[in-house]
1. Can you name every one of the strands (runs of 3 or more DSSP E) wholly within the range 212-301 that holds 1 or more residues which are among the β-branched types (Val, Ile, Thr) and at pLDDT 95 or above?
2. Considering only residues that are surrounded by fewer than 20 Cβ atoms within 10 Å (Cβ to Cβ) and either assigned to a helix (DSSP H, G or I) or assigned by TED's automatic domain parsing to the domain that holds Val247 (or both), which ones fall in the range 68-91?
3. Any idea which of Ile149, Ile116 is at pLDDT below 85 and surrounded by fewer than 16 Cβ atoms within 10 Å (Cβ to Cβ)?
4. Just the residues that are farther than 20 Å from Ala93 by Cβ, surrounded by 22 or more Cβ atoms within 10 Å (Cβ to Cβ) and hydroxyl-bearing (Ser, Thr, Tyr), please, taken from the range 249-289.
5. Looking at the range 179-211 only, could you name the residues that are more than 20 Å from Gln281 (Cα to Cα), touching a helix residue (DSSP H, G or I) at 6+ places or on another chain (Cβ under 9 Å), surrounded by fewer than 20 Cβ atoms within 10 Å (Cβ to Cβ) and modelled with pLDDT of 80 or more?
6. Could you list all residues from the range 137-185 that are under 22 Å from Arg251 (Cβ atoms) and assigned to a loop (DSSP other than H, G, I, E, B)?
7. Taking the range 5-29 only, how many residues are closer than 16 Å to Pro63 by Cβ and more than 23 Å from the chain's Cα centre (by Cα)?
Amino acid sequence: MHIGILSRNKSLYSTRRLKEAAEARNHTVHIIDTLRCYMNISSRKPEVHYNGKMLPRFDAIIPRISPKNTFYGTAVVRQFEMMGVFSLNESVAISRSRDKLRALQLLSRKGLGLPITGFASSPDDVDDLIKIASGAPLVIKLVEGTQGIGVVLAETTQAAESVIDAFMGLKANILVQEYVKESGGADIRCFVIGDKVVAAMKRTPEPGEFRSNLHRGGSASLIKITPEERKTAVDAARIIGLNVAGVDIIRSDRGPLVLEVNSSPGLEGIEKATGKDIAGQIIEFIEKDARPHKNKTRGKG
């Protein structure tokens, strides 16, 4: 197969591992800088150009799009979809996952377990918003934040009011979310491929930190998840529309709660914590599922 990996940095662990895994299975791989792609948007013959030339025909693409490049990156993925190229994760699903509010609303509609979450626009509603989220301590996070950036733990009502007022003053869209004390700040990253959780790791924050992201200094360890947690992760990925996803859940007294569904989950932490060849399993999925014009949206939406 001829596979394109959309990534701005070919030296990143995840990008390298995907290339190695594909080449080990005798596939031809091209790593393409997403922001260097440009498009001929034609009703009869849509094209993607790169470095002065039209790109060759790919059997599949693997989008590795950073959050700050979501708008342009999903436009590129959508263009490939219009050309009939199979995308590991579709443009619409990537966009859904990057908007935390939209993702939570989709998961809520299907009845998945979620932390109690509030959303408002006016400073006049802050007091009631805090009550909706079960009061302090509570978590305040940017709707489009990632890797723990733009996430604040407010331990008192006064602190929560100050942080929310500050974000609203900057015209930032935020979510106000209950702090699930029994989780102890730890979460579980479930790596979903297709309809299976192929690996799971527990992420624990470093002392003095409540965010468990590995980019924030958290540590990862192998964990055995329950059937309910497994089903929750698979359902979450399916509802958002992702073939490959990192689903972050926390354990609570009322069962597993979904924190986030990541459309470009990193491979380094999960492969090192579990010892599994996740990159190889992604390539296997592409081999089995990649067909021309198989994307459900075909660039729509």
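The values are calculated or read from the model by the stated rules, or taken from the named source; none is laboratory data. Because the structure is a prediction, the values reported are computed rather than measured. Cβ: placed from backbone, ideal geometry, glycine included. Neighbour counts: every protein chain shown.
1. 244-252, 255-262
2. Result: Lys68, Asn69, Phe71, Tyr72, Ala75.
3. Details: Ile116 fails: at pLDDT below 85.
Criteria check complete, one pass: Ile149.
4. none
5. Lys202
6. Pro137, Gln147, Gly148, Glu155, Tyr179, Val180, Gly184, Gly185, listed by residue number.
7. 1
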